[in-house]
Amino acid sequence: MKPRHTALPEIALLAAAGALPLLLQAWGEEFYIGFATRMLIFALAATSLNFIVGYGGMVAFGHAAFFGSGAYVVALLMAAGITSAWLSWPLALAAAALLALLIGALSLRTRGVYFIMITLAFAQMLYYITVSLQVAGGDDGLPLARRSSLAPLDLGNDATLYWVTLGLLAASLYGLRRLADSRFGKALAGLRQNAPRMEALGYPVRPLQLACFVIGGALAGLAGALLANQNGLASPNLLYWKQSGMLLVMVILGGVGLRYGGVAGAVMLLGLEEMLGLYTAHGHLYIGLFLLGVVLFAPQGLAGLALRRR
Amino acid sequence: MTQLILEQMLNGLQFGLMLFLLAAGLTLVFGIMDMINLSHGSLYMVGAYLGAALAQASGSFLLGLAGAMAGLALIGMLLEISLLRRLYQRDHLTQVLATFALILIANETVLLLWGPQPLLLNAPTALAGPVEILGFSYPAYRLLIIAVGLLVAALLYWLVSRTRTGMWVRAGAANRVMAEALGIDVRRLFTGIFALGAALCALAGVMLGPLLAVQVGMGENILILAFVVIVIGGIGSIRGALVGSLLVGLVDTLGRALLPTVLRAIASPEVAGHLGPALASIMIYLLMAAMLFWRPEGLFPARS
């Protein structure tokens, strides 16, 4: 028997998130609309990684590759004169998916720490290629002349970009949930618990994992496309291994394998960063201490404290 | 051309040996305790800062080096006892989280103590000039680095393969549970290994200080290189770390120096100009990916 799921809290949360720009405008704090958009974008990126780590059971340490390549696809297309988001965003998603297919197909031949290391190596490769390519702007990154045009919407308006991002995040979360509840999702759950048994039952283990990896990578590409628009820049930092680490930290903090783990982690970490930034230039010191505290005193992560389940 | 290749090979040897100092400690942590330690690069950074600060204060490079190594051995020991030993039994994700936190803490602490400006660390004045070898002149200080690296490699080799402690280390790397069952105190052994690893980080940081900038984040690139070395050499193997380090050092240095030239010979200058640097910088990652693909256990597998 499936427990009856009521969507009421989620709808209320979505409505509250949707009303945020209006509230910020009313308070005269428009600056924070951009910050909130950044939070949502990272929530999408962390959610996509959580799908791979939490649902697929694969500890991938190279998610920045997909995140960053999405940003660069939009920036490169913009530089080539293609400004339509209807074209460039799906292409960013597709490029990240293709990249994930390639990297995943090779990496999934290994497991454990070797999988961690090989995904890290591929991401670093992409980082160095990007830095040394002059068409991609090298160390400085590639600035966007303006935001993508999503006719009839005007993304030049900060609130509109926020709502579009919120819509895409909500749609992704919904889609991933449907996926997790599907036969595919159930098979993934089985794989996570006992891969040899699933293989013995005739499930195609590696293709299933690869599909999961590609879906996560594709969504990270979309998040990257959004971030390029928000920042007005595709920067090589997006591809650096510390970015992969940061996304992984968000997932662990929010709760590995939890439906809203990625969102919670991104909001928490970026929120903490912003709040500390008001008081000190050394906010990362306190974030580091906070993370250590979580490791030592909340072994199941913060969500584990609240939920008593993983 | 021959001279260029020879000079670059010496540079590669020098870089590889310094990589080995980092990889040696890291591979034992990785191999014996199955722990991913991202903060190893931070030990290298802190070591370099400590050495630079001490050298500036005392006016002696040697004093700075000794102080940094002693200080880092202490820091490494304290870190292992207070925090890292709690992580051995936890999953890889938790280890990533905790040691990533250590990177953030180390970076900010260094910023607080020494500010955002890179520190200046001068090579000993006696070694500042070039010397004449093999018919061309080569910086004396780089030769010293090579000598120190070779010496440490030899010492480590002796320690690991000829002493009782080394036997314990090898036993621990091959099968930790079995080693413990045979009465080896792997925990205490490990505190020692970590202290030694940290001191070697400091050695590498101070030795490379005059060549590279002593600045925040300096450990983050080299950490990943050390991981590449370990995976290529075989996790947990000192011998693998040495061979892997030299391989990575040589391939990286020679690739950067020669690949653009080679490409220019076979492709148009424009293509070579674009492709050369990109290809050179990913050579070692290609090497690692190929290794993981065809021989995932590395060149010298340590685990039984």
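The values are calculated or read from the model by the stated rules, or taken from the named source; none is laboratory data. Predicted, not measured: the structure shown is a model, and the values here were computed from it. All Cβ positions, glycine included, derive from the backbone under ideal geometry; neighbour counts span all protein chains shown. Only protein heavy atoms, including side chains, enter the accessible area calculation; ligands, DNA and RNA are left aside. Shrake-Rupley method; radii C 1.70, N 1.55, O 1.52, S 1.80 Å.
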- Query: Scanning for something open to solvent by 30 Å² or more (accessible area, probe 1.4 Å) and more than 12 Å from chain A (Cβ to nearest Cβ), does region B:38-52 turn up at least one residue?
  - Reply: yes
- Out of region B:222-276, which residues are of a type in the set (S, T, N, Q) and over 19 Å from residue B:208 (Cα atoms)? B:237, B:261, B:268
- Message: Every residue in region A:96-118 that is open to solvent by 40 Å² or more (accessible area, probe 1.4 Å) and within 10 Å of chain B (Cβ to nearest Cβ), please.
- Response: A:106, A:109, A:111, A:112, A:114
- Query: What are the residues in region B:140-161 that are at pLDDT 90 or above and touching a strand residue (DSSP E or B) at 6+ places or on another chain (Cβ under 8 Å), if any?
  - Reply: B:143
- Scan B:230, B:193 and give me the residue that is within 11 Å of chain A (Cβ to nearest Cβ) and under 19 Å from the mean Cα position of the chain (by Cα). B:230
- Query: Would a scan of region A:16-25 turn up a residue that is within 25 Å of residue B:94 (Cβ to Cβ), open to solvent by 10 Å² or more (accessible area, probe 1.4 Å) and out of contact with any Cys (no Cβ under 9 Å at 6 or more places or on another chain)?
  - Reply: no
- Checking residue A:248 against (1) at pLDDT below 90; (2) within 11 Å of another protein chain (Cβ to nearest Cβ), which single condition isn't satisfied? (1)
- Could you tell me which residue of region A:119-155 is least open to solvent (accessible area, probe 1.4 Å), considering only residues that are at pLDDT below 85 and assigned to a loop (DSSP other than H, G, I, E, B)? A:136
- Note on the structure: Only one of A:258, A:285, A:276 is within 20 Å of the chain's Cα centre (by Cα), open to solvent by less than 50 Å² (accessible area, probe 1.4 Å) and more than 23 Å from residue A:90 (Cα to Cα), namely A:258
- Residues that are more than 11 Å from chain B (Cβ to nearest Cβ) and farther than 15 Å from residue A:42 by Cα, drawn from region A:236-245: A:236
- Query: Can you tell me which residues in region B:129-164 are β-branched (Val, Ile, Thr) and surrounded by 14 or more Cβ atoms within 10 Å (Cβ to Cβ)?
  - Reply: B:145, B:146, B:148, B:152, B:160
- Query: Assuming residue A:158 fulfils every condition listed in (1) more than 14 Å from every other protein chain (Cβ to nearest Cβ); (2) touching a residue at least 24 places away in the same chain (Cβ under 8 Å); (3) open to solvent by less than 20 Å² (accessible area, probe 1.4 Å) apart from one, which condition is it?
  - Reply: (3)
- Please indicate, with yes or no, whether at least one residue in region A:277-288 is assigned to a helix (DSSP H, G or I), among the aromatic types (Phe, Trp, Tyr), more than 13 Å from every other protein chain (Cβ to nearest Cβ) and over 21 Å from residue A:121 (Cα atoms). yes
- Message: If I go through region B:119-162 residue by residue, how many of them are touching a residue at least 40 places away in the same chain (Cβ under 8 Å) and assigned to a strand (DSSP E or B)?
- Response: 3
- Task: Filter the helices (runs of 4 or more DSSP H) completely within region B:188-304 down to those with at least 3 residues that are of a type in the set (Ser, Thr, Tyr) and in contact with a helix residue (DSSP H, G or I) (Cβ under 9 Å, 6 or more places away or on another chain).
- Result: B:238-266
- How do the pairs read when you match residues in region B:275-304 that are over 23 Å from residue A:133 (Cα atoms) with residues anywhere that are open to solvent by 60 Å² or more (accessible area, probe 1.4 Å) and part of a helix (DSSP H, G or I), using Cβ under 6 Å and keeping only pairs 6 or more apart or on different chains? B:300/B:239
- Query: All but one of (1) surrounded by fewer than 24 Cβ atoms within 10 Å (Cβ to Cβ); (2) of a type in the set (Gly, Ala, Ser); (3) within 24 Å of residue B:28 (Cβ to Cβ) hold for residue B:233; which doesn't?
  - Reply: (1)
- Message: Looking at B:191, B:165 in this structure, which one is over 30 Å from residue B:56 (Cα atoms), without any contact (Cβ under 8 Å) to a residue 40 or more places away in the chain and not hydrophobic (A, V, I, L, M, F, W, C)?
- Response: B:165
- Message: What are the pairs with Cβ atoms under 7 angstrom where one residue, in region A:19-47, is farther than 17 Å from residue A:261 by Cα and the other, located anywhere, is open to solvent by 80 Å² or more (accessible area, probe 1.4 Å)? Sequence gap at least six, or different chains.
- Response: A:24/A:30
- Query: Cβ-Cβ below 7 Å, separation at least six or inter-chain, first residue in region B:236-253 and touching a residue at least 12 places away in the same chain (Cβ under 8 Å) and over 21 Å from residue B:34 (Cβ atoms), second among the aliphatic types (A, V, I, L, M) and in a loop (DSSP other than H, G, I, E, B): which pairs?
  - Reply: B:243/B:299
- Looking only at region B:86-117, count how many residues are over 28 Å from residue B:214 (Cβ atoms) and in contact with an Asp or Glu (Cβ under 9 Å, 6 or more places away or on another chain). 2
- Message: If a residue must be facing chain B (nearest Cβ under 7 Å) and either touching a residue at least 24 places away in the same chain (Cβ under 8 Å) or over 25 Å from residue B:271 (Cα atoms) (or both), how many such residues does region A:121-149 contain?
- Response: 3
- Hey, among the residues in region A:226-248 that are within 21 Å of residue A:162 (Cα to Cα) and among the polar types (S, T, N, Q), which one's least open to solvent (accessible area, probe 1.4 Å)? A:229
